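Working notes, beginning with the structure itself.
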Amino acid sequence: MLKKIFMGEKGFCTPIHRAGLKKIMEMLMHICCAPCSTVTNRFFRDLGYGVSGYFYNPNIHPYREFRKRLETLKEYCKEEEIPLMVEDRYLLDLFLRETVFNEEDRCRYCYRMRLLETARKAEEEGLPYISSTLLISPYQDHELLKNIGTQSAEKYGRIFVYQDLRHMFNESVNLSREKGLYRQPYCGCIYSERERYYKPKNKPEN
Ligand code: SF4
């Protein structure tokens, strides 16, 4: 079930400034996890965007990992007063239907699934801009993210805001350590979990 958690806002603009920006600068930020959202949210808020978060990640497996990332994010957003919307159903089947037989190209389907839904949600909420905390990750394909983000936003009449934030990744790692946030050791899906931990001496033949 989709849940809304509104926790107020702690922006970097004055209230009058914020009121003036509200109609044109409100952004729905797709959030993959709390650690990646630390610096990303601050960066866009500093630019003057009113950032609301959206946790929509059917790619995160297994279920206990999904819950751990979600609960960490809820705690973080509560502490930082970041408005957050969450899809807390565990949509494993949806992710697998998109990616099975497309394993080599799975990130394309994974980005599209998450950014399309973020754009749809932004339209529903009347927020003109979207972006993603994935932009801070040096492990993601930025050209692909930019293209898919732009196409997804256009489909719902939104604007995808791209920024290459990879140079701030280490800062986000340090900040999340300082705050004691749970940091996941793999990207999210079962394929990435396998890549992280399964290191066979002799690779099985296909
Ligand atoms: S590796 Fe990461 S981005 Fe790619 S499909 Fe898996 S969870 Fe999605």
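We did not get these values from a lab; they are worked out from the coordinates using the rules stated. Since this is a predicted model, take the numbers as computed values, not measurements. Quick reminder, even Gly has a Cβ in these numbers, built from the backbone with ideal geometry, and neighbours come from all protein chains shown.
Descriptive notes on the structure:
- In this rough spin-label picture, where each label sits 7 Å from Cα along the Cβ direction, the R89-D141 distance is 2.8 nm.
- Look at C36, C187 and count the other Cβ atoms within 10 Å of each Cβ; fewest to most, that gives C187, C36.
- Estimated distance in nm for a label pair at E71 and Y162, the labels positioned 7 Å out from Cα along Cα-to-Cβ: 3.8
- Residue-averaged [θ]222 nm for the chain, counting only DSSP H segments that reach four residues, each worth -39500 (n - 2.57): -15500 deg cm²/dmol
- Here the relative contact order of the chain, from alpha carbon pairs under 8 Å that lie six or more residues apart, stands at 27 percent.
- Ranking of L92, L134 by count of other Cβ atoms within 10 Å, fewest first: L92, L134
- In the structure shown, the pairs K68/K199; K68/K121; K179/K201; K121/K146; K146/K201 are assessed against 27 Å; a Cα-Cα span above that value is assigned to K179/K201; K146/K201.
- Of the trypsin sites (Lys or Arg not before Pro) found in region 41-98, the ones in coil according to DSSP and having at most 16 other Cβ atoms within 10 Å of their Cβ are R89.
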